[in-house]
1. Tell me which residues, restricted to segment B:298-310, are in contact with a helix residue (DSSP H, G or I) (Cβ under 8 Å, 6 or more places away or on another chain), more than 16 Å from residue B:187 (Cβ to Cβ) and surrounded by fewer than 21 Cβ atoms within 10 Å (Cβ to Cβ).
2. Which members of segment A:135-166 meet the condition of being over 24 Å from residue B:427 (Cα atoms), in contact with a helix residue (DSSP H, G or I) (Cβ under 9 Å, 6 or more places away or on another chain) and exposed (fewer than 12 other Cβ atoms within 10 Å of the Cβ)?
3. Taking residue B:340 as meeting all but one of (1) at pLDDT below 95; (2) under 21 Å from residue B:158 (Cβ atoms), write down the number of the exception.
4. Give the residue that is farthest from the chain's Cα centre (by Cα), with candidates limited to residues of segment A:222-251 that are more than 13 Å from every other protein chain (Cβ to nearest Cβ) and free of Cβ contacts under 8 Å to residues at least 60 places away in the same chain.
5. Somewhere in segment A:53-61, is a residue without any contact (Cβ under 8 Å) to a residue 12 or more places away in the chain and in contact with a strand residue (DSSP E or B) (Cβ under 9 Å, 6 or more places away or on another chain)?
6. Are any residues in segment A:259-286 buried (at least 24 other Cβ atoms within 10 Å of the Cβ) and at the interface with chain B (Cβ under 7 Å from one of its Cβ atoms), and if so, which ones?
7. For segment B:94-105, what are the residues that are surrounded by 14 or more Cβ atoms within 10 Å (Cβ to Cβ) and away from every other protein chain (no Cβ under 11 Å)?
8. Restricted to segment B:216-232, and to residues that are surrounded by fewer than 22 Cβ atoms within 10 Å (Cβ to Cβ) and out of contact with any strand residue (DSSP E or B) (no Cβ under 8 Å at 6 or more places or on another chain), which residue is farthest from residue B:436 (Cα to Cα)?
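The values are calculated or read from the model by the stated rules, or taken from the named source; none is laboratory data. Just so it is clear, the structure is predicted and the values come from calculations on it, not from any experiment. Neighbour counts are summed over all protein chains in view; Cβ atoms, including those assigned to glycine, are modelled from backbone coordinates with ideal geometry.
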C-alpha cells in the first residue's frame, strides 16, 4: 500500500462516521420533505396521491399562511435588532470595565439561556397575567389603581410584542457571551493609543470594538435567523398556541397545525420547504450585505 | 506509532457504529425467534394491543378492565399502552406499519390522529360489533347502548349509516356556575336568552361578568347545542354536513347573534387567558365569583377540585337556555370514542374487546372512576354532583350528539379555527359577527366539495 492511498484511507475512515450520520439524519430527511410536499397525504395511510405543485399553488393563495409569514418576519426583525444592541452594550460594559458584581451580572444575563422554553413560558405567563401579573401591577402603581388592564396576551395588537419581549430576554445572555469572547481578543493597546489620541469610550466602541468583532457579529446574524424561527415556534406553541385567533401564528406553528391537526401532511411539508428556502435565502442575503474586508489585529 | 494509533481509533469508531446497527438487527431476530417459540409453547395465546388515552378518569381503570378481560378470555394477553399523549406514543410505530388493535382516543384532539385515520379511510367498520353478544351476557351490544348513541356523525363519521367509532364515556356539556352565588343574590338560572341578558345586566351592576370560557375549543359543544336548539336536529345535521347556505340561514344567524351578544358580556380578561397554558384561570373566575357561567363538561369539578373558592361555593350545572321562545333547552352530549384501525392485526379479538366494554363487569370498573358508559341504567347509580350533572336531560333539555362529517383533508381550511377560534376576535372586537358568519359559510363551501 503506498503512502498516498494510506492517507486517503485514513481520511475516509475519519470522516465516514460524520458523513454517514449526516446523510442519514439530515440529507435524506430533507430530501423526503421536498418529496412529500408534492403529495396529498395525511401522514398515515399508504394512499399517497402525487399532486405535483398543487400544495404550493394552494399555499400561495392561503391568507393564513401569509399572516403567519408576516408574524415570523416581524419577529426575526424585532428580536434581532434589540438583542444585538443590548447584547453588544452589555458585552462592552462587562468586558471593558472592572466593577463590583461583574461576575454576578454575567451569570444573571446568561441564566435565561439555560432555562427550558417551557419555564420561560411559565414565567412570562405569570408576568403577563392581566389581574395578578407583575407588569400590570407596576403600571397600576404609576397610573393609579384605576388604570385599565392591559391584556398582554389577549390584545391582538400587543400580543406579538409580548412574545418578542420574552424571546429577547432569553436571547441576550447567549449573544452577550459570544460577543464578550471576541471582545476579549481585541488588544488593550488599541484602546490605550486611542485614549491618548483623545477618543472617548463611545468612539472607541464604534471605531475599534465593533469593526474588530464584525466577523463574529455576522456569524450571529445567521444564528438569529435560525434560532428565532425555532424558538418563536416553541414559545408560541406553549404560551398562546397561535392565539388569540391566529394573531401569534408563526410559520412553523402553522405548519404543525396543517400537518397534524388538519391532516394535511403533504401541505405541511410544502410549508416546510418554503421555510427552508426562506431561511437559507435570508441568511445568504444577510451574509452578503454585511460582507466587509476582515480586519487583522 | 501515533499514526497507527489514529488509524486504529478511526477504524474502531466506524466499526462501532456499524456494529451498533448490526446489533439491533440481531436482537430483533432473536426477539422474533423467542416470540415464535413462545407461541409454539402455548399455541393459543393471542396478544391484543390496546392503546388508550389517559384522560381525567386516570389510568388505573384501564389496567383493571384489561385484567378482567384477560381473566374472562383464556389465552389472551393484553399489551396496554396508556398515556396522556397517546398519539405521540403510538404514531411512530403506526407510521412504520405496526398498529395497535384497539385505540381509545376521541376526536377533537390537537394531534387529530382519529380524524386523520378517518379522513384517510383507515378505520375498520364496527357495525357488526353492534350485533355481537356482550361477552359473558346474553344481550346484544346494540341493545345495551342507550338509544341514539350510535345514530350520529359522532359514531358514523361518513354519514352513511356505518358505525366506525364505539361510544365510550359520555359527559353532558352545558353551563357551570356557582349555585351558592345565585342563591345569595336571589338570582334565578335563566331559561331563555332574554332572561340571560337581564341577568347579565344585573350582574354587571355588581361587577360580575355574565360569561367566560376556558378556551375557544369549548365552543364546539356550546354552539352545537345552540344550533340544535335554534333549528332542531335537521338543521344541526345539515350544518354538520356542510349543507349549502346553512350557516347563513335564519336559524344559524340567531346562533351567531347570541354568541355576539354573549361576547359583550364576557369577562374582560378571558381572551388573554384562553390558551392551553392559562385556561384554568378562566375557570377560576367562576370559583371566585367574577363570572357567572362557563361552558364545560362534567370533568370540570374534578379539574378544579384543589382550587381555592369563594365562601358558600356550590357547583351548579344547567343546559343551555332555549333559543326559540317556548322551545327546549339543549345540552351537547360529548363522548369519547374507541375504534379499530383498518391495519390492525387482531381485528376479531379487538371487536370482542369492544363488545366487552359494554358488559356490566367493565361498566362497573369504569364507574368506580366516575367514567360513565352509555349503557342503559348506568347513570342511575351515580351519586352527589355527578347525579346532578347527568340528570340534565331528565329536566327537559334535548340531548345533542354528533360532530362534523368527515371530509378529505382540505389544505389550509379548518372549520375548527374559523368557527371556534374566531370567538376570541369577536370578544376582543377585532372581528364582527357578520364577518365571522360569512367566513364560516365560506369554509363550509370548501369542505362540502371534500365530503367523502
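1. We begin by selecting, within segment B:298-310, every residue in contact with a helix residue (DSSP H, G or I) (Cβ under 8 Å, 6 or more places away or on another chain); these are B:298, B:300-301, B:303-304, B:307-310.
Filter once more, so that each one left must be more than 16 Å from residue B:187 (Cβ to Cβ): B:298, B:300-301, B:303-304, B:307-309.
Selection gives B:301, B:303, B:304, B:307, B:308, B:309.
2. Answer for segment A:135-166, where residues must be over 24 Å from residue B:427 (Cα atoms), in contact with a helix residue (DSSP H, G or I) (Cβ under 9 Å, 6 or more places away or on another chain) and exposed (fewer than 12 other Cβ atoms within 10 Å of the Cβ): there is none.
3. Every condition holds for residue B:340 apart from (1).
4. Looking at residues that are more than 13 Å from every other protein chain (Cβ to nearest Cβ) and free of Cβ contacts under 8 Å to residues at least 60 places away in the same chain, I get A:233.
5. To start, the set of residues in segment A:53-61 that are without any contact (Cβ under 8 Å) to a residue 12 or more places away in the chain comprises A:57, A:60-61.
Still in the running and in contact with a strand residue (DSSP E or B) (Cβ under 9 Å, 6 or more places away or on another chain): none.
Checking segment A:53-61: not a single residue is without any contact (Cβ under 8 Å) to a residue 12 or more places away in the chain and in contact with a strand residue (DSSP E or B) (Cβ under 9 Å, 6 or more places away or on another chain).
6. Correct list: A:262, A:263, A:264, A:267.
7. So the first thing to find is which residues in segment B:94-105 are surrounded by 14 or more Cβ atoms within 10 Å (Cβ to Cβ), and the list is B:94, B:99-105.
Correct list: B:100, B:101, B:102, B:103, B:104, B:105.
8. Out of the qualifying residues, it is B:232.
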